[in-house]
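Data block below; observations after.
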Amino acid sequence: MKRLVSGIQPTGQLTLGNYIGAIKQFVALQNELEETEFFIFIADLHAITTPQDKTTLRKAIKGVAALYVACGLDPEKVNLFIQSEIPEHANLGYIMESTAYVGEMERMTQYKDKRLKQSDGIRTSLLTYPTLMAADILLYDADIVPIGDDQKQHLELTRNLAERFNHLYGNTFVVPEGFYPKTGARIKSLVDPTKKMSKSDDNQKAYILLLDEINVIKNKIKSAVTDSDRTIRYDVKEKAGISNLLTIYASLTDQSIKSIVKQYEGKSYAEFKADLADIVADTIEPIQKRYQALIHDPVLDDILDKGRQRASEIARKKMVKVYKRVGLGRIKS
Ligand code: AMP
Ligand code: TRP
């Protein structure tokens, strides 16, 4: 049986970028892949690499769990759990810190970007974050890790760490493969289409939240920045705005960009945006309905308990093996 692992941080609310780049793939893979066990978690330990308000964080953790299910993850097929409820993530994270080099951490572009945005009080965990991510993956011997483009470098590092550890201590970890969506691996900001759509953007018009009001969502699409030319065509360099909207359209309708471009030949940006606004709204509205029904339902706790139990079983066994390989503690006689 193969294993698939992925997670999302409960910082802020989830965006359309998270949906297209990550959750939509989880749902598709859950229905396509056979003989694969799924571990999808809420990466709350990752959230505290930057300051969080504790009430907001607690709410966000449950919120991500409810959204996972509302977006179509089937708790019968997928182990859904909260990262911090499995202490082995942090344990193995430390072992990974003791496998990785400081230079490797300092080279991570996400770290460099985030460090620039903060002047002081940069937490040590922001630097070591990729070692925890590696632990999240290697703990379960994941074969496949579906993620957006922005996580590619972290996944490469994870592969290097697995190989280094295996070489140092003997074969212990599966070296995982990343899985990136064909379209939509990097959804861009609606205000500045050269940047990624991020929930931590200062401008709310830059992103669509899965829990934004439907009217707000439609308006954000309609007012998305595009160029002054009038033809709808895919050209990331010259027409980044319209190309981003084409990507969203293609991803949500499972059509090729080429066929959409053909469909809109001679039509205006306004028409295209109005149609896309409806498509996005029609995707998100049912998710919101299911979310509202779930968020206060105790069944959510049952789902997270069940996921924790299964994840914990595997994680505990794996850590015993890792400690043994490294020579930590005592061997039970
Ligand atoms: P995060 O919100 O940073 O925890 O990201 C969770 C998942 O969503 C990761 O797999 C990211 O690669 C993916 N993701 C986040 N933002 C985007 C985006 N703008 N486009 C595509 N994927 C994204
Ligand atoms: N670092 C990822 C992000 O910010 C979230 C994450 C944490 C993750 N651990 C993971 C994704 C393990 C895949 C596998 O997007």
Open item on the list: Checking residue 221 against (1) surrounded by fewer than 19 Cβ atoms within 10 Å (Cβ to Cβ); (2) under 17 Å from residue 191 (Cα atoms); (3) touching a residue at least 12 places away in the same chain (Cβ under 8 Å): exactly one of these is not met. Which one?
Closed with: (1)
Open item on the list: Restricting to region 294-308, name every residue that is assigned to a helix (DSSP H, G or I) and either surrounded by 13 or more Cβ atoms within 10 Å (Cβ to Cβ) or of a type in the set (Asp, Glu) (or both).
Closed with: 294, 300, 301, 302, 303, 304, 305, 306, 307, 308
Open item on the list: Being among the basic types (Lys, Arg) and part of a helix (DSSP H, G or I) is the filter here; which residues of region 261-293 pass it?
Closed with: 262, 273, 289, 290
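Can you tell me which residue within region 49-62, out of those that are outside any helix (DSSP H, G or I) and not charged (D, E, K, R), is surrounded by the most Cβ atoms within 10 Å (Cβ to Cβ)?
Going through the qualifying residues, I end up with 49.
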Open item on the list: Of the conditions (1) in a loop (DSSP other than H, G, I, E, B); (2) out of contact with any Gly (no Cβ under 7 Å at 6 or more places or on another chain), residue 225 satisfies every one except a single condition; which number is it?
Closed with: (2)
Open item on the list: Tell me which helices (runs of 4 or more DSSP H) are completely within region 63-152 and hold 1 or more residues being modelled with pLDDT of 95 or more, more than 12 Å from ligand 2 (Cβ to nearest atom) and under 21 Å from residue 320 (Cα atoms), or say none if there are none.
Closed with: 88-97
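The values are calculated or read from the model by the stated rules, or taken from the named source; none is laboratory data. Predicted model only: the values in this text are computed from it and were never measured. Note that we place each Cβ from the backbone using ideal geometry, even for glycine, and neighbour counts take in every protein chain shown.
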